[in-house]
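Before any comments, here is the structure.
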Amino acid sequence: MEAMMEQRDGVALFTICRPEKRNAVNFAVMEALEGALSEAEADERVKIFAITGAGDEAFCSGGDLHEFGPLRGAEAKQMLTRMGEVLYRLLTFPKPTAALVNGAAMGGGCELATACDFRFVKEGSRIGFIQGRLGITTGWGGASMLFGKLPYARALDLLLRAEPMTAEDMEACGWADAVLAADHWREQWQARLALYAARSLAVLEAYKAAAGEKWRTAWFREQFFAEIDRCAALWGSVEHEQALHPFFRKQ
């Protein structure tokens with residue numbers, strides 16, 4: 001089982017169940033997330049949609065290079081576009097969403113968390129938009145979302161640094177909404193989400209409709225997918241190939 005969803009007290013919790021791969025996204029996880037979003041949207045008992053990773057080490061390490069690394073040309077663009085559609089749907093989801101960052105979030109894992117309304121991060125977690133170190137850019141719409149959610153210079157700094165940051169640093173720059181103590185991690189995020197789930201679904205959906213207007217414009221959607229096209233163009237570059245060599249030597 002690559003992923004699972006459970007529902008309790010108005011919260012649908014989607015968990016990436018690949019701790020041995022640091023909860024990297026592969027095609028099976030992508031498909032499971034597509035299905036989970038449809039299920040949660042249709043279920044009136046669900047008021048909040050949350051995402052986390054299995055285990056204590058990683059939230060999501062991005063795309064699974066074993067599956068995605070060898071892709072080239074049209075196949076690479078198809079993968080990037082499909083996951084971009086998933087994250088755009090998450091960004092514009094009609095109910096509040098939360099990333100429960102329970103460990104390392106790297107590359108595409110940061111993009112996945114950025115698509116959510118809230119990011120609650122366990123202390124000790126490391127977070128990095130490291131795509132630049134791999135000779136590519138954010139490939140699932142992450143930069144477009146980041147520029148829309150953070151001040152310009154802070155967003156650009158995170159992308160150009162392309163290095164892991166502490167949970168506290170990510171809170172200071174505005175990306176993390178709260179850093180929660182590791183020894184009371186589950187109780188703390190449950191308490192925060194319970195505050196939102198106490199409101200009626202109609203109220204939650206009304207606020208999300210207002211909040212999502214700027215993301216649903218033709219201009220933003222065009223920018224979002226143009227970013228994905230730029231990443232696809234870099235996917236087979238020499239720099240990207242060289243950056244992947246150490247990974248494939250370990251296989």
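Under 5 Å between amide H atoms, partner at least 5 residues away or on a different chain: which partners does Ala104 have, H built in plane at 1.01 Å?
Ala58, Phe59, Arg126
Restricting the calculation to Cα positions, tell me the Rg (one decimal) and the Dmax (whole number) of the chain in Å.
17.1, 53
Suppose all protein chains stay in the model; what accessible area per residue would a 1.4 Å probe give for the stretch 24-75, in Å²?
Per-residue accessible area for the stretch 24-75 comes out at 42 Å².
If you wrap the stretch 158-207's Cα atoms in a convex hull and average its projection over all directions, what's the area in nm²?
With every direction weighted equally, the projected area is 5.1 nm².
How big is the antiparallel share of DSSP beta bridges in the chain, given as a percent to the nearest 5?
The answer is about 30 percent antiparallel.
Between 0 and 90 degrees, rounded to the nearest ten: what's the tilt of helix 185-197 against the longest Cα principal axis of the chain?
Here the helix axis deviates by roughly 60 degrees.
In angstroms, what radius of gyration and Dmax does the stretch 38-152 have, counting Cα atoms only?
14.4, 43
Can you give me the relative contact order of the stretch 39-113 as a percent, contacts being Cα pairs under 8 Å and 6 or more apart?
Taking the mean separation of contacting Cα pairs over the length of the stretch 39-113, I get 54 percent.
What list of ³J(HN,Hα) values in whole Hz, one per residue of the stretch 38-43 in order, does the Karplus curve 6.51 cos²θ - 1.76 cosθ + 1.60 (θ = phi - 60°) give from phi, with Gly and Pro shown as x?
Each residue of the stretch 38-43 in turn: 5, 5, 5, 5, 7, 8 Hz.
Can you bin every Cα-Cα distance in the stretch 72-117 into 5 Å intervals starting at zero and give me the percent of pairs per bin, rounded to whole numbers?
5, 21, 24, 21, 16, 8, 4, 0
Based solely on its DSSP helices, what 222 nm [θ] is calculated for the chain when runs of n ≥ 4 H residues each add -39,500 (n - 2.57) and the sum is averaged over all residues, nearest 500 deg cm²/dmol?
-15000 deg cm²/dmol
Against the longest alpha carbon principal axis of the chain, how many degrees, from 0 to 90 and to the nearest 10, is the axis of helix 152-161 turned?
Between helix and principal axis, roughly 50 degrees.
Tell me the Rg and the Dmax, in Å, that the Cα atoms of the stretch 92-158 produce.
Cα-based Rg and Dmax for the stretch 92-158 come out at 11.8, 35 Å.
Mind checking the angle between helix 238-249 and the chain's longest principal axis? C-alpha axes, 0 to 90 degrees, to the nearest 10.
On a 0 to 90 degree scale, this one is about 80.
Would you please put 41-51, 107-117, 170-180 in order of how densely packed they are, using the mean number of other Cβ atoms within 10 angstrom per residue and starting with the highest?
107-117, 170-180, 41-51
Once neighbouring chains are kept in place and the probe is 1.4 Å, which whole percent of the accessible area of the stretch 55-157 is contributed by carbon and sulfur?
Here carbon and sulfur together make up 55 percent of the probe-accessible area.
The values are calculated or read from the model by the stated rules, or taken from the named source; none is laboratory data. Predicted, not measured: the structure shown is a model, and the values here were computed from it. No Cβ is skipped: glycine too gets one built from the backbone with ideal geometry, and neighbour counts run over all protein chains shown. In case anyone asks, the SASA skips ligands and DNA or RNA and just uses the protein heavy atoms, side chains included. Shrake-Rupley method; radii C 1.70, N 1.55, O 1.52, S 1.80 Å.
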